[in-house]
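Below: one structure, written as structure tokens.
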Amino acid sequence: MDTPRSKRQLNCRICGSGNLRVYLDLGSTPLANSYLRKGDLSAEEFREELALQICLDCGLSQLTTVVNPDLMFKQYLYVSSTTETFRNHCVDLAGSAAVVAGCRPGDWVLDIASNDGCLLSKFRDLGMQVVGVDPAENLAAEASKAGIPTLCTYWSHETAEAVVAGYGRPQVITATNVFAHADDVHGFVQAVDRCLSPKGLFVIECPYVLDFIEKNEFDTAYHEHLSYIGIHPMQVLMGKHGMRIFKVEYFEGIHGGTIRVFVGREGEYPFDASVERFLRKEQEFGIREFRRYEAFGERILANKQRLLKLMGRLHAEGKTIWAYGASAKGNTLMNFFGMTSQLVPVVLDDNPKKWDWYTPGAHMRITGIQELVSAKVDYLLLLAWNFEPEIRGRCQAVGYAGRFILPIPDVRILESANAPKEMRGGA
Ligand SMILES: [Zn+2]
């Protein structure tokens with residue numbers, strides 16, 4: 001049932017087909033970025049269905065329910081420039097986009113959902129003029145203070161008009177990790193078309209749906225993340241707006257597998273062989289075949305049983321288990337697996353802005369790695385499993401001698417390099 005807080009997704013967001021089938025139901029969960037203060041822990045949290053369905057016509061994987069964005073994006077604790085990997089990735093993206101679009105110093109660049117301005121600062125380093133758009137009031141204010149002019153609003157036709165009137169038409173428009181969050185993707189692309197200069201370049205980055213399925217990355221499903229994108233459905237979308245994907249790049253280490261999609265108006269850019277390569281790969285995978293998604297759903301349920309069994313046994317043995325990585329991913333995993341603060345009381349995170357908050361649903365207290373030094377912890381559940389080598393290194397550097405549990409793509413236990421010899425081998 002539709003309410004002011006959420007609505008059902010009955011037709012495909014891209015092609016409009018009603019030929020949708022559900023393949024994984026993660027249950028009714030709180031919003032993955034709605035962190036709580038201690039005083040709010042007894043209040044009832046907003047919960048909504050979190051389930052995935054596939055469009056059998058165009059191959060777009062999408063949530064069954066769309067939560068009102070005002071409930072999700074007004075205050076965002078995630079700050080993109082906190083990880084070095086991400087900062088380096090921004091340098092690469094700015095350099096690559098500037099070359100492909102043939103930018104000259106002084107050209108305008110617009111970043112949609114510009115967060116704290118990290119990516120735009122890299123374009124500015126190349127001599128370009130920059131402007132950002134982001135609905136999170138705290139982040140927009142932070143970026144503007146750092147010299148990156150930022151309009152605090154959602155991306156829309158009106159926002160596109162305001163950019164053109166105030167700054168002119170950008171030669172490059174970037175949208176990293178936001179396209180999958182957009183409900184009205186047609187409105188999104190139309191607004192880009194309104195704004196972009198005639199020979200301009202539009203670059204989208206988002207997690208790749210084939211990695212999502214093949215690497216069991218179900219924890220990247222949360223209410224903000226409405227679409228799970230492949231090149232095939234994206235090309236269908238662009239074709240409806242006189243645009244075309246002409247080149248695709250792939251980054252295995254970013255968000256568990258990310259595609260960078262270069263889009264231009266029909267005929268403006270030479271067609272790169274990478275597009276055909278990705279389309280063929282998706283065809284061979286079976287991007288529109290329900291059985292591929294159904295098998296994924298079954299693997300995730302089996303994974304859940306294995307992890308719960310292990311955690312239950314360790315808890316019964318009196319072991320202390322903490323977690324690492326208070327992210328949206330971690331919250332999906334903890335809530336889908338039904339874990340609570342009795343089982344995992346504390347989660348460590350590198351972002352000091354999150355310290356002393358509590359995770360939604362599971363209510364784990366968030367703190368920094370400094371607490372690990374004095375606490376007697378036996379196991380660390382790596383919720384940020386995609387940063388496993390860095391996190392292990394950091395924990396070992398502060399003297400942590402316990403073990404690590406990797407939950408995805410399959411449950412595994414790893415020793416700390418600091419573990420005494422007699423502890424090594426077997427769990
Ligand atoms: Zn579709």
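Structure data summary
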quantity	calculated
Those helices (runs of 4 or more DSSP H) lying entirely in region 319-427 with at least 3 residues surrounded by 22 or more Cβ atoms within 10 Å (Cβ to Cβ)	328-336
Subset of region 102-135 [aliphatic (A, V, I, L, M) and either touching a Ser or Thr at 6+ places or on another chain (Cβ under 8 Å) or buried (at least 24 other Cβ atoms within 10 Å of the Cβ) (or both)]	109, 110, 112, 113, 119, 120, 130, 131, 133
Near pairs, Cβ below 8 angstrom, 6+ apart or cross-chain, from region 378-397 (under 24 Å from residue 304 (Cβ atoms)) to any residue that is modelled with pLDDT under 95 and acidic (Asp, Glu)	382/388; 383/219
Members of region 54-70 that are within 15 Å of the ligand (Cβ to nearest atom) and either over 24 Å from residue 239 (Cβ atoms) or not charged (D, E, K, R) (or both)	54, 55, 56, 58, 59, 60, 61, 62, 63, 64
Every residue from region 247-291 that is surrounded by 15 or more Cβ atoms within 10 Å (Cβ to Cβ) and polar (S, T, N, Q)	258, 274
Residue under evaluation residue 237, criteria (1) closer than 25 Å to residue 63 by Cα; (2) assigned to a strand (DSSP E or B), criterion not met	(2)
Selected residue (only one of 97, 51 is under 25 Å from residue 187 (Cα atoms), assigned to a helix (DSSP H, G or I) and more than 16 Å from the ligand (Cβ to nearest atom))	97
Residue satisfying all of: in region 226-246; more than 16 Å from the ligand (Cβ to nearest atom) and surrounded by fewer than 21 Cβ atoms within 10 Å (Cβ to Cβ); farthest from residue 286 (Cα to Cα) among these	242
Of the criteria (1) closer than 30 Å to residue 39 by Cα; (2) in contact with a strand residue (DSSP E or B) (Cβ under 8 Å, 6 or more places away or on another chain); (3) not aromatic (Phe, Trp, Tyr), which one residue 370 fails	(2)
Number of positions in region 1-45 that are hydrophobic (A, V, I, L, M, F, W, C) and more than 16 Å from the ligand (Cβ to nearest atom)	8
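The values are calculated or read from the model by the stated rules, or taken from the named source; none is laboratory data. Since the structure is predicted, the reported quantities are computational estimates derived from the model, not experimental observations. Cβ: placed from backbone, ideal geometry, glycine included. Neighbour counts: every protein chain shown.
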